[in-house]
Amino acid sequence: MSCQDSFRRSVHYLRISVTDRCNERCLYCFPRDFAGWSEKEDLLSYEEILATVAVSVELGFTDFRITGGEPLVRPGVPDLVRGIVRTPGVRSVRLSTNATRLAGLAAPLREAGLAGINISLDALDPKRYYEITGGHLGPVLEGIEAVRALGFPRIKLNTVLLRHRNEDQIGALLDFAAQRDLILRFIELMPVTSREVLRPENFLSAAEVRRNLEREDRLEPVEQPLGFGPARYFRMEKRRVTVGFIGALSDLHFCEQCNKMRLTADGRLRPCLGNQMEVDLRPYLRPTIDRESLREAFLDTLRKKPLEHSFRDYYEPERTMTALGG
Ligand code: SF4
């Protein structure tokens, strides 16, 4: 079996983007150049997503993450979670959210069987948070307390590193996570968003942040896996907090353990975030669901899955991150 085959055989994790239009116009759902990348009918229905999940399970996918834009702007996400959890062969369902709507949905999501939640938190200063996201910090903090109170098994905070924008927030974010026994992950900016276009001036590498933290504390590598992604986890001794580093650009081994594919909200199967290849699954989902063709489309996309991203090759995203799915 070639290394490509074994690489592709290890793919068991599908990230499913669900989003919708909302009226709050924060920058998560409405990046500056958001032009309504799709009409409602372009978006996959939950029935179509569940059919795609069922076929993917036959091909070895076992773990699923619901992402966006912002997934909780779409009505009925707890029902979708329940539907995926109840699909035979599914091992886990997790969610990534900006938590602006989480407080009111935490209990139904927990009841539906959600196994973990990642929450975007780029700053703790309300003014700075608004400058970066266009959203308000209050509801986000309420959402975090709501999932903590419900005892969600795995809660992670995700901070996208932005030089000269949230560098000075790192200490406060570490304390916030330590006080709540949450995992804090530092994510390098990738050239996949129009909300914050990657430039030398705003790029802050995960490697640099780790070096800075190692000057003040001891970072003990965490051996046990804390997720399916490429994050590298460490326990900070003095601060008593677990941190993760996600360095798509500075970490040359970033893609070696890649185990995922993405399903965009408008039904495109994407083998890699950092590659423009997509396969439109809607012809196999409409007007009726053609499982055999869906299966062939999955296998064909898997066969073409690149071994790594093209971010270092002057990569230009052809669609907004909201369309691609985090
Ligand atoms: S950039 Fe592509 S190959 Fe690398 S980890 Fe992400 S999806 Fe996998």
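The values are calculated or read from the model by the stated rules, or taken from the named source; none is laboratory data. All values derive from a computational prediction rather than experimental measurement. Every residue, glycine among them, receives a Cβ derived from its backbone with ideal geometry; neighbour counts consider all protein chains shown. Side chains included, ligands, DNA and RNA excluded: accessible areas come from the protein's heavy atoms. Shrake-Rupley method; radii C 1.70, N 1.55, O 1.52, S 1.80 Å.
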Once you charge only the Cβ atoms, +1 for Lys and Arg and -1 for Asp and Glu, what is the size of the charge dipole of the stretch 243-283 about its Cα centre, to the nearest 20 debye? 140
Just tell me which lysines come within less than 22 Å, Cα to Cα, of residue 156; anything on the same chain fewer than 8 places away is out. 238, 260
Take the chain, connect every pair of alpha-carbon atoms lying under 10 Å apart with a spring to form a Gaussian network, then pick out the residue of 276, 257, 224 with the largest mean-square fluctuation. 224
Measuring from the longest principal axis of the C-alpha atoms of the chain, the long axis of helix 46-58 (C-alpha) lies at a number of degrees, nearest 10, equal to 90
Return the single residue from 281, 102, 226 with maximal mean-square fluctuation; model: Gaussian network over the chain, springs between Cα atoms under 10 Å. 226
For 260, 304, write out the residues from largest to smallest accessible area, computed with a 1.4 angstrom probe and no ligands counted. 304, 260
Would you work out which of 72, 184, 100 lies farthest towards the positive end of the dipole of the stretch 3-324? Charges go on Cβ: Lys and Arg +1, Asp and Glu -1. 184
Residue-averaged 222 nm ellipticity for the chain, from DSSP H runs of 4+ at -39500 (n - 2.57), nearest 500: -8500 deg cm²/dmol
Sorted by chain and number, the residues with a modelled amide H under 5 Å from that of residue 185, at a separation of 5 or more or across chains, are 157, 158, 159, 244
How many percent of the accessible area of the chain is carbon or sulfur, using a 1.4 Å probe? 51
Dipole size in debye (nearest 20) for the chain around its Cα centre, Lys and Arg Cβ +1, Asp and Glu Cβ -1? 540
Run the numbers on the stretch 3-324 and let me know its relative contact order in percent, using alpha-carbon pairs under 8 Å that are six or more apart. 20
By accessible area with a 1.4 Å probe, ligands and nucleic acids excluded, highest first: order of 122, 175: 175, 122
Between residue 79 and residue 59, what is the label-point separation in nm under the 7 Å Cα-to-beta-carbon projection? 2.7
Stretchable slack from residue 276 to residue 150, in nm (0.36 nm times residue separation minus alpha-carbon distance): 41.5 nm
Karplus-derived 3J(HN,Hα), 6.51/-1.76/1.60, for each residue of the stretch 150-165, Hz, glycine and proline x: 8, x, 4, x, 9, 10, 10, 9, 10, 10, 7, 6, 10, 4, 6, 10
Theoretical FRET efficiency, 1/(1+(r/R0)^6), r = Cβ-Cβ of residue 128 and residue 237, R0 25 Å, to 0.05: 0.30
Among 147, 11, 222, which one moves the most in a GNM of the chain with springs linking Cα atoms closer than 10 Å? 222
Restricting to bridges with both residues inside the chain, how much of the DSSP beta-bridge set is antiparallel, in percent to the nearest 5? 30
At q = 0.11, 0.14, 0.16, 0.23 Å⁻¹, what base-10 log of I(q)/I(0) does the Debye formula yield for the stretch 40-159 when every alpha carbon is treated as an equal point scatterer in vacuo? -0.38, -0.61, -0.77, -1.30
Could you let me know the centre-to-centre spacing of the stretch 230-283 and the stretch 151-205, using Cα atoms, in angstrom? 15
Can you give me the Rg/Rh ratio for the chain, using Cα atoms for both radii and the Kirkwood formula for Rh? 0.94
Quick tally, 1.4 Å probe accessible area for 160, 243, sorted with the most first, runs 160, 243
How much length is gained if the chain between residue 172 and residue 222 is pulled fully straight, taking 0.36 nm per residue apart and subtracting their Cα-Cα distance, in nm to one decimal? 15.8 nm
What is the Rg over Rh value, at two decimals, for the stretch 167-254, using alpha-carbon atoms and the Kirkwood definition of Rh? 0.96
